[in-house]
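Shown next, in structure tokens, is the structure this report addresses.
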Amino acid sequence: SIGFHDDIILARWVRTFIGNTENLPSTVDKQRVKKSVQHWYGEYYLPNDVYACEPKFDVIEYARTHNGIDFKEDFWLRKGFIIVNFDIRTVKNKDFENPVLSYRDTPNCNMWQIEGNSTVKDGFDLKAPENTIEFKLEFGDIVFYRADEKASDDYEVMGTH
């Protein structure tokens, strides 16, 4: 994978062909069937320290008018979830402006809808399981991060002796 948090490119070197070629008629091209189903590999993560605020809040203007920021300001959101939305597209010959396939912007179908991606999701708060949360989602919302946790919370430093 290459790219940044808002634009990731998975090149052909991070895929495998996994189409089922068992019990095919002799007239069917096995290589074409194998290539018809692909598994793509990549990673996505947010930086360890993320500061989120309400949409459209102008952090730059706030910093300009308040002599900078020290990340202790009241406008930083410390609870809730950061939901990451993906727009998956297939391109050929590096023509990113004209995708060959798209999960969302295609005249024939919306693959998010076809594959069962819902726009409402009931979840629960692992820290307070009695609290049910209803998420109103957009097609492509698939990764949820807790705003009050960070990646390093999942790791422990231990010695060998």
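The values are calculated or read from the model by the stated rules, or taken from the named source; none is laboratory data. Bear in mind the structure is a predicted one, so any value in this text is a computation, not a measurement. Ideal geometry is used to build each Cβ from the backbone, glycine not excepted, and the neighbour counts take in all protein chains shown. Note: accessible area is taken over every heavy atom of the protein model, side chains too, but ligands, DNA and RNA are not part of it. Shrake-Rupley method; radii C 1.70, N 1.55, O 1.52, S 1.80 Å.
Things to note:
- Accessible surface calculations at 1.4 Å, restricted to protein heavy atoms, place the chain at 85 Å² per residue.
- From helices alone, the chain scores -2500 deg cm²/dmol at 222 nm; the rule is -39500 (n - 2.57) for each run of n ≥ 4 DSSP H residues, then divide by the residue total.
- Whole-number percent relative contact order across the chain, with pairs defined as alpha carbons under 8 Å at least 6 apart: 19
- Between the stretch 19-71 and the stretch 130-145, the Cα center-to-center distance that results, in Å: 16
- Difference of contour (0.36 nm per residue) and Cα-Cα distance, V14 to N93: 26.8 nm
- Sulfur and carbon atoms: percent of accessible area, the stretch 12-83 [1.4 Å]: 51
- Applying the Kirkwood pairwise sum to the alpha-carbon positions of the stretch 1-95 produces a hydrodynamic radius of 18.1 angstrom.
- For the stretch 12-71, the list of trypsin sites (Lys or Arg not before Pro) that fall in a loop by DSSP and count at most 16 other C-beta atoms within 10 angstrom reads K56.
- Projecting label points 7 angstrom from Cα along Cα→Cβ for L24 and R64 puts them 6.0 nm apart.
- Accessible-area ranking of L10, L137, largest first, probe 1.4 Å: L10, L137
- Extension reserve of the N85-F135 stretch, reckoned as 0.36 nm per residue once the Cα distance is removed: 16.7 nm
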